[in-house]
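The values are calculated or read from the model by the stated rules, or taken from the named source; none is laboratory data. All values derive from a computational prediction rather than experimental measurement. For neighbour counting, all protein chains shown are included, and Cβ atoms are generated from backbone atoms with ideal geometry for every residue, glycine included.
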2 protein chains.
Amino acid sequence: MSVIKVAILGFGTVGEGFYRTIQSHEEELKAVLGRKVEVAAVLIRNKQKERDINKEVIVTTDFTDILNLPQLDVVVEAIVDKDPTYSFLKKAIQRGCHIITANKEMFAHHGQELLELAKKHNVSVGYEATVAGGIPVIQTLRQLLNVNRVQQVQGILNGTSNFILTEMREKKLSFAEALRAAQENGFAEADPTNDVEGFDAFYKAMILSRLAFGEEPNWHDVERAGITSITSKLIDTAERLGLRFKHIAIIRKSGNQLTASVKPVLVGKEHPLYHVEGVQNAVNIYSDIVGQITLQGPGAGMFPTASAVIEDLVYVCQNRPVTQGLTPTKEINAGSQELIQQEETWLISSLLKNVNNYSINIIEHVEEGMFIVKAVKDEIENLFHQNGELLYYPILGDYDSESKLAKLAL
Amino acid sequence: MSVIKVAILGFGTVGEGFYRTIQSHEEELKAVLGRKVEVAAVLIRNKQKERDINKEVIVTTDFTDILNLPQLDVVVEAIVDKDPTYSFLKKAIQRGCHIITANKEMFAHHGQELLELAKKHNVSVGYEATVAGGIPVIQTLRQLLNVNRVQQVQGILNGTSNFILTEMREKKLSFAEALRAAQENGFAEADPTNDVEGFDAFYKAMILSRLAFGEEPNWHDVERAGITSITSKLIDTAERLGLRFKHIAIIRKSGNQLTASVKPVLVGKEHPLYHVEGVQNAVNIYSDIVGQITLQGPGAGMFPTASAVIEDLVYVCQNRPVTQGLTPTKEINAGSQELIQQEETWLISSLLKNVNNYSINIIEHVEEGMFIVKAVKDEIENLFHQNGELLYYPILGDYDSESKLAKLAL
């Protein structure tokens, strides 16, 4: 077989970017793979739309046409919807094709089944483009950290949310104004729910969890919150405290317990994600031998995502078997201190002015209705249940109230 | 063959870290490689020194003992000196062993010959630990960016220099005081020349160049400067201009021309390496499809380096052939603007108070004897030849003098 035949499902930003990159990097692909890559067919929805696709390529609205191609080696899926994409990919695997997907929602829901099916059929699965666009985080976890035991992954996985938080801080915009700026710049959809409510980051976090830990937490146990509660006033207070709001997905294994959250948190300038601004994405991986490494780069866009897909093409064409994501990684020695819930530092904001009435360890009264407290999570949640107006955000890392107070006094 | 037999040359920080990690991660290694890894022998220099090495391991001062082992699959080299290490590794390859090295000076000098020899003998070469410690930059360039054409690599590759620059800025220390702090913290040798004069970063840059571009520039054409010219006053001025001094290795291909420099430069807060502080290392890779990605992490230390070596062990045991680093990558379309030398922005500092007499485009008179100018490099160098007291540092990226002046006025 002297040619690798590829079908592309969907011809939006990702599909087209991939198609164009195959043309522009024909030589490189041939040099790496030893064979020419040819796009055999493209699945589209609307036949009327003009597209710049070579005449020899079959353009169809019917997946059966693709499945019935005489030769088909790789199916690249760049559709947004969860269904019927999943069933397409299942059929592709059953036909013996390697699959590559950029569809995070679908892969978060069906990744495990697809990986198991691929393993059974001895084909390979590429999903670098599902998380953090062009940053090779999936491949780093899959190919480069083989012996290291990953203990924690923290990531800024949604560029839209990060852009909004950055604009709010830098340009003193309200949430609504920053969202509008994001929409005007093409960084947010007309309906931004998926991004600003944390769903997009949640799906990506679940994909990372499966890869890094071989399992996912129960989805219902994952705290998921978006950035819509963050006001200019909160951003401003955080700034004065030397902190920044970041929407961070955290997946962590301690002992046999896997926990995850996807929500706004406060970080100080020592935190590896503090400086990640605008539409950039970044992932910080903590593993036992190397310690912390951070990968940063473009989390979206036509060519960064095409880069992820095309590097996956090399990966799957090397016929790499599915080995990760199927069984939980082994227990992590948690040490005794992990067995009880730990105190964390929180910024709480509320109408609850007489917070002193509650049995909670206040370490700083920042301003009216805003406090920094130390408490275990249950205490904070109790406080919340007693007072629905309460907003609370964990401060990651060490918080040095004395030096921060000195700053406030300046 | 049910066991992988490894010899370790050198039992300093890296050698011992690797040895201990093999013990602690025996299970993970077996799971990944499908075979047990056993350290068969350790080469040391001083037989009298107490070492915590299992009794079954041969500990010898004679490399011949190692070469004559009945089974030997991988030789891990963790010696500092260039010679006779090179000849040891040559012999190991000729015997059919995979080799792994952490020795940047040796590999910068002899990497190409070792890669060619390894290719001839069908063995694999791991050298992740030569550059940026635990950050998987070698593997990212080698395994993850296959189709992307790398155009530029920028890196903070020497933790000691970065630590000194950070301390000078944050704690207002002189160079001498910051160097002493580095030495007290174990981040600098008693003789720090190799670090602070840029030799260490230079070797690492040449290794990256070979990997990313398949060749190195002529070593004599590479501008190499350390950080010893950086005074507190310069750091202070930079700070007020919103800039930071960073010791950065830059390797860049434009057209068919490969250029490199390893020297202190000034960067603004938009530059991806601006926020890299202390002993951290970071590498920013610009390639044509994905754009910019940055990897950051621990550049040195027992376990970060051991991590690099042990992940290399997995790589070489997969019998990966040598494919990169042997022939130059193809020409990069430079566009017409690259053909003439471009104007850059520079901070120049000198006793040359009457700089107005020179035909140079001054865009800002920062303070007495300190100017920001725009000029092509030749002009700056001419100025330097006319006035040996002149110090000049390029400012990378856009420099917006208006907003900076406004800051200075604050």
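Can B:Ser254 be described as surrounded by fewer than 21 Cβ atoms within 10 Å (Cβ to Cβ), assigned to a strand (DSSP E or B) and either more than 14 Å from chain A (Cβ to nearest Cβ) or touching a strand residue (DSSP E or B) at 6+ places or on another chain (Cβ under 9 Å) (or both)?
Values: surrounded by fewer than 21 Cβ atoms within 10 Å (Cβ to Cβ): yes; assigned to a strand (DSSP E or B): yes; either more than 14 Å from chain A (Cβ to nearest Cβ) or touching a strand residue (DSSP E or B) at 6+ places or on another chain (Cβ under 9 Å) (or both): yes.
Yes.
Considering only segment A:1-13, state which residues are under 22 Å from the mean Cα position of the chain (by Cα) and modelled with pLDDT under 95.
Across segment A:1-13, the qualifying residues are A:Gly12, A:Thr13.
Do we have any residue at all in segment B:87-94 that's among the charged types (D, E, K, R), in contact with a helix residue (DSSP H, G or I) (Cβ under 9 Å, 6 or more places away or on another chain) and more than 14 Å from chain A (Cβ to nearest Cβ)? Break it down into steps so the answer makes sense when it comes.
The initial filter retains those residues of segment B:87-94 that are among the charged types (D, E, K, R), namely B:90-91.
Still in the list and also in contact with a helix residue (DSSP H, G or I) (Cβ under 9 Å, 6 or more places away or on another chain): B:90-91.
Retained after the next criterion (residues that are more than 14 Å from chain A (Cβ to nearest Cβ)): B:90-91.
Yes, segment B:87-94 contains at least one residue that is among the charged types (D, E, K, R), in contact with a helix residue (DSSP H, G or I) (Cβ under 9 Å, 6 or more places away or on another chain) and more than 14 Å from chain A (Cβ to nearest Cβ).
Please enumerate the residues belonging to segment A:304-322 that are closer than 21 Å to B:Gln292 by Cβ, at the interface with chain B (Cβ under 8 Å from one of its Cβ atoms) and surrounded by 23 or more Cβ atoms within 10 Å (Cβ to Cβ). Before the answer, list the steps.
Step one: filter segment A:304-322 for residues closer than 21 Å to B:Gln292 by Cβ, giving A:304-312, A:314.
Those still in the list that are at the interface with chain B (Cβ under 8 Å from one of its Cβ atoms) too: A:304, A:306-308, A:310-311, A:314.
Within segment A:304-322, A:Pro304, A:Ala306, A:Ser307, A:Ala308, A:Ile310, A:Glu311 qualify.
Which one of B:Ala238, B:Ala260 is within 22 Å of B:Gln324 (Cβ to Cβ) and in contact (Cβ under 8 Å) with a residue 40 or more places away in the chain?
B:Ala260
In segment A:280-296, what residues are in a strand (DSSP E or B), among the β-branched types (Val, Ile, Thr) and facing chain B (nearest Cβ under 8 Å)?
Residues satisfying the conditions are A:Ile293, A:Thr294.
For segment B:259-274, what are the residues that are more than 10 Å from every other protein chain (Cβ to nearest Cβ) and not in a strand (DSSP E or B)? Talk me through it step by step, then tell me what you get.
Here is the first cut: in segment B:259-274, the ones more than 10 Å from every other protein chain (Cβ to nearest Cβ) are B:259-268, B:271, B:273.
Result: B:His271, B:Leu273.
Among the residues of segment A:3-47, count how many are under 28 Å from B:Pro321 (Cβ atoms) and among the charged types (D, E, K, R).
The number of residues fulfilling the criteria is 8.
Identify all residues within segment B:130-165 that are within 12 Å of chain A (Cβ to nearest Cβ) and part of a helix (DSSP H, G or I); write none if there are none.
Filtering segment B:130-165 down to residues within 12 Å of chain A (Cβ to nearest Cβ) leaves B:132-150.
The answer is B:Val137, B:Ile138, B:Gln139, B:Thr140, B:Leu141, B:Arg142, B:Gln143, B:Leu144.
Given the residues A:Arg210, A:Arg244, which is the only one that is closer than 24 Å to A:Asn148 by Cβ and among the basic types (Lys, Arg)?
A:Arg210
Which one of these is in contact (Cβ under 8 Å) with a residue 60 or more places away in the chain and either within 11 Å of chain B (Cβ to nearest Cβ) or surrounded by fewer than 22 Cβ atoms within 10 Å (Cβ to Cβ) (or both): A:Glu343, A:Glu277?
Details: A:Glu343 fails: in contact (Cβ under 8 Å) with a residue 60 or more places away in the chain.
Exactly one residue qualifies, and that residue is A:Glu277.
Please pick out the residue among A:Ala190, A:Ala201 that is of a type in the set (A, V, I, L, M, F, W, C) and surrounded by fewer than 22 Cβ atoms within 10 Å (Cβ to Cβ).
Values: A:Ala201 fails: surrounded by fewer than 22 Cβ atoms within 10 Å (Cβ to Cβ).
From the options A:Ala190, A:Ala201, the qualifying one is A:Ala190.
For segment A:19-123, which fully contained helices (runs of 4 or more DSSP H) count at least 1 residues that are surrounded by fewer than 16 Cβ atoms within 10 Å (Cβ to Cβ), aliphatic (A, V, I, L, M) and modelled with pLDDT under 95?
Working: elements: A:26-33, A:63-67, A:85-94, A:104-120.
Those helices (runs of 4 or more DSSP H) span A:26-33.
Tell me yes or no: at least one residue of segment A:70-78 is under 25 Å from A:Glu128 (Cα atoms) and in contact with a His (Cβ under 6 Å, 6 or more places away or on another chain).
Looking through segment A:70-78, at least one residue is under 25 Å from A:Glu128 (Cα atoms) and in contact with a His (Cβ under 6 Å, 6 or more places away or on another chain).
To keep it simple, each residue is scored yes or no on (1) within 14 Å of chain A (Cβ to nearest Cβ); (2) in contact (Cβ under 8 Å) with a residue 24 or more places away in the chain; (3) small (Gly, Ala, Ser).
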| residue | (1), (2), (3) |
| --- | --- |
| B:Phe11 | no, yes, no |
| B:Gln23 | yes, no, no |
| B:Lys30 | yes, no, no |
| B:Leu33 | yes, yes, no |
| B:Ala40 | no, yes, yes |
| B:Thr60 | no, no, no |
| B:Asn68 | no, no, no |
| B:Asp73 | no, yes, no |
